[in-house]
Structures are given as structure tokens and as C-alpha cells.
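All remarks here apply to the structure that follows.
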Amino acid sequence: MSRTNVQAPPKVKENIKQRQKVQNPKNYKVVLYNNHITAFEAVVDVLKTVFIKSHAESVQIMWYAHNSGFALVMISTKEICELKADEAKNYCLNKKDDVEMGRNMGYEHLQFEVEEDESNN
């Protein structure tokens, strides 16, 4: 009977210094700026439709912007924030002629801006 030497596979040592450090992408935010022309219902509509916010959250954001001059809508990567802000602007342009009870809703006056989040490291 012959004996076979079974050897364990060689161990691979990982050199921690050689590992590349992966950095998380910087966060950006979409900010809604208040104006005195757009109907409250229009603001809530855009927040619900474009940003997929609940009715309650949309109302809360709308009132915060109304009382403070601006409100945080979302935080994400730069690309996603720019995409959502553009989507909101296009949605508002498509609804600029909407009238409710004889009053223009003022969608075209809504301002959504993308800004770098100050809490980035």
C-alpha cells in the first residue's frame, strides 16, 4: 500500500496595506425653495408624484418650506439628486397651465435645487 501525501493548499495572505480604500460617494440633497405663487396643492402633488413621498410627508415638507423659505426633500448621490430635480422641473413645466377653481396652480414657479450635503466627510 502506498501512502500519498496530501498537502493543504497554500494560504494566501492578504496584505492590508495593498488594499485600496473604497470611499463612499459624497451625498447631495434636493432642496425645495418657497415662493408665494405656487398653490400648496401643487407642491404636495409634485412631492408625492416625483419624489414618491406620502401625503403626510409631502404636507410637512411643503409647510416647512413655506415657513422657513426652503426644505430638504431628499439626500442621495449627485446623479440621483440631479435626476429627480430635473424630473420635478419637467413635471412642473408640463403642468404649468393647470388651473383649479379658476386659479393657475403656479407649478412653473417651483424651484428644486441640488446642493452638496454639508455633512459629507
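The values are calculated or read from the model by the stated rules, or taken from the named source; none is laboratory data. Note that the coordinates shown come from a computational prediction; the quantities given were computed from them, not determined experimentally. Cβ coordinates were reconstructed from backbone atoms using ideal geometry, including for glycine residues, and neighbour counts include every protein chain displayed. Surface accessibility is based on the protein's heavy atoms, side chains included, excluding ligands, DNA and RNA. Shrake-Rupley method; radii C 1.70, N 1.55, O 1.52, S 1.80 Å.
Here Tyr91 meets the list (1) without any contact (Cβ under 8 Å) to a residue 24 or more places away in the chain; (2) out of contact with any Leu (no Cβ under 6 Å at 6 or more places or on another chain); (3) more than 12 Å from Val30 (Cα to Cα) almost entirely, failing just condition (1).
Inside segment 59-90, residues that are of a type outside the set (D, E, K, R) and within 14 Å of the chain's Cα centre (by Cα) make up a count of 13. Scanning segment 68-98 for residues that are assigned to a strand (DSSP E or B), open to solvent by less than 50 Å² (accessible area, probe 1.4 Å) and farther than 17 Å from His36 by Cβ yields Val73, Met74, Ser76. Per the listing Val22, Val6, Val12, Val30, the residue uniquely at pLDDT 90 or above and either exposed (fewer than 10 other Cβ atoms within 10 Å of the Cβ) or among the aliphatic types (A, V, I, L, M) (or both) is Val30. Selection over segment 99-118 of residues that are closer than 20 Å to Tyr33 by Cβ, open to solvent by 50 Å² or more (accessible area, probe 1.4 Å) and not in a strand (DSSP E or B) gives a count of 3. In segment 38-60 there is no residue matching the filter, namely being open to solvent by 50 Å² or more (accessible area, probe 1.4 Å), in contact (Cβ under 8 Å) with a residue 24 or more places away in the chain, in a strand (DSSP E or B) and in contact with an Asp or Glu (Cβ under 8 Å, 6 or more places away or on another chain).
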